[in-house]
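First comes the structure, then the notes that go with it.
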Amino acid sequence: MAYSGIGRKVRPNGGFELAWWFFMRISGLMLVFLALGHLTITHLINSVENINYAFVASRWADPQSGWIWRLWDLTMINLAVLHGFNGLRQILWEQILSPSKRVIASTIIWGLAAVLIIGGSYSILLFQENREYIQKWKAEREAARFAQSARHIQ
């Protein structure tokens, strides 16, 4: 059994809580790399002005690398939800001492987590690119650029 420097127990002895204890450490480390990779690719390598539906749709619909981007985003969103909601559960369990209230809190927490995981997974896995919308958006963007350049010439 591990103790922190202030004498309180840090690592659970076993069972369910030990499994979540390990999950929090592993998922936290994975999320650091996933999030830093996401920030680098999405916001440093690419211009912020280019991040929109068309950007994501073209990445996810790419026949060669689309599955990698979907897997990356799916892993990141699901780990973030599980990590965050389990952290919330652990914090609430320090405050809620009644077993029946803990059951209610846990049910609400895991219900919300399930809704977010199902919704996010559904959106990522079943995403279909809307090419008509992208073509319309590109045409409107090009028209706006043309109008802006015409104003600068006058």
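Of the DSSP H helices in the chain, those with a Cα length along their own long axis of 18 Å or more and a mean Kyte-Doolittle hydropathy reaching 0.5 comprise 15-39, 99-125.
Charge tally for Asn130 (other residues, Cβ to Cβ under 13 Å; Lys, Arg +1; Asp, Glu -1): +1. Across the chain, the mean sequence separation of Cα contacts (distance under 8 Å, 6 or more residues apart), normalised by length, yields a relative contact order of 21 percent. Between Glu140 and Thr75, the FRET efficiency from the beta-carbon distance, with R0 = 35 Å, is close to 0.55. Between Glu94 and Arg25, the FRET efficiency estimated from the beta carbon spacing at R0 = 25 angstrom works out to 0.85. Counted over all Cα-Cα pairs of the range 1-141, pairs farther apart than 23 Å make up 51 percent. Set the Cα radius of gyration of the range 80-154 against 2.2 N^0.38 Å, with N its number of residues, and you get 2.11.
Compute the FRET efficiency between Thr42 and Arg102 as 1/(1 + (r/R0)^6), taking r as their Cβ-Cβ distance and R0 = 41 Å, and round to the nearest 0.05. The pair Thr42/Arg102 has a calculated efficiency of 0.60.
FYI, it's all coordinate maths here, none of it is from the lab. Model, not experiment: these values are computed from the prediction. Using ideal geometry, Cβ is built from the backbone for each residue, glycine included, and neighbour counts are taken over all protein chains shown.
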